[in-house]
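S.K.: First the structure, which I've put down as structure tokens, then a few questions once you've had a look.
The values are calculated or read from the model by the stated rules, or taken from the named source; none is laboratory data. If you're wondering where the values come from, they're calculated on a predicted model, not measured in any experiment. Counting neighbours? That spans all protein chains shown, and the Cβs are built from the backbone with ideal geometry, glycine included. The area values use the complete protein model at the heavy-atom level, side chains included, leaving out ligands, DNA and RNA. Shrake-Rupley method; radii C 1.70, N 1.55, O 1.52, S 1.80 Å.
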Amino acid sequence: MRTRNVITCLVPARCSGACELKTLQSISAEHGPLKLTLLEMPVFACAKAHKVPVHGDFMLWLIHEIRAREARISAGKEEGMIFKKHLCGDCSKELSSKPERRQAYPYELKYEELAPFKIQIEMPLYKCGGCGKEQLRSTKDLHAHVPMAIVGINDGAGFPHSG
């Protein structure tokens with residue numbers, strides 16, 4: 001599906017002006033240990049500053065894109081049903097219980113024919129007690145927080161809620 005550069009504002013209860021393709025310079029949201037930052041994200045905005053995603057499926061696409069990059073980030077593995085342990089992804093020794101520091105992982109994304117934009121996935125890193133490697137506790141830990149961080153991005157951008 002192609003994206004147009006001008007549409008009628010999709011917030012009809014508030015306005016019926018024309019929306020143009022714009023970019024949000026920077027928007028961040030946090031959920032649990034995850035902090036997402038989007039830079040130069042494309043949006044449609046009208047003269048009254050109403051904003052909507054560039055496509056109805058854009059935010060769902062964004063969740064999938066973030067999750068597709070999870071495998072590129074070094075992470076430990078989670079064991080246990082009730083009493084969880086986090087083990088090194090390389091040597092299987094236990095990770096420290098407290099993070100050493102936070103790390104941002106930058107990526108460039110491109111939606112259809114629109115200009116590329118950037119995203120940063122920031123999470124705490126834990127040090128392995130065996131080999132000393134720093135890594136996320138687990139990919140599952142990151143994966144679980146992505147949808148709610150996207151809700152925060154929606155709210156921060158001022159996108160209207162549906163339903």
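S.K.: Say each of residue 85 and residue 47 gets a label point 7 Å from the Cα, pointing the same way as Cα to Cβ; how far apart are those two points in nm?
M.R.: Distance between the two pseudo-spin positions: 6.5 nm.
S.K.: For the chain, what % of the accessible area comes from carbon and sulfur atoms, probe 1.4 Å?
M.R.: 52
S.K.: By how many nm would the segment from residue 134 to residue 69 lengthen if fully extended, with 0.36 nm per residue of separation less the alpha-carbon distance?
M.R.: 21.6 nm
S.K.: Tell me the relative contact order for region 55-163 as a rounded percent, counting alpha carbon contacts under 8 Å between residues six or more apart.
M.R.: Rounded, it is 27 percent for region 55-163.
S.K.: Under 16 Å between C-alpha atoms is the cut-off here; go through the chain and count lysine pairs that meet it, provided they're at least eight residues apart or on different chains.
M.R.: Summing the qualifying lysine pairs gives 24.
S.K.: Which three lengths, in whole Å and largest first, does the chain cover when its Cα atoms are put on their principal axes?
M.R.: Reported extents, whole Å, longest axis first: 60, 29, 26.
S.K.: Also: Just from its helices, what would the mean residue ellipticity at 222 nm be for the chain, if runs of 4 or more DSSP H residues each count -39500 (n - 2.57) and the sum is divided by every residue, rounded to the nearest 500 deg cm²/dmol?
M.R.: -6500 deg cm²/dmol
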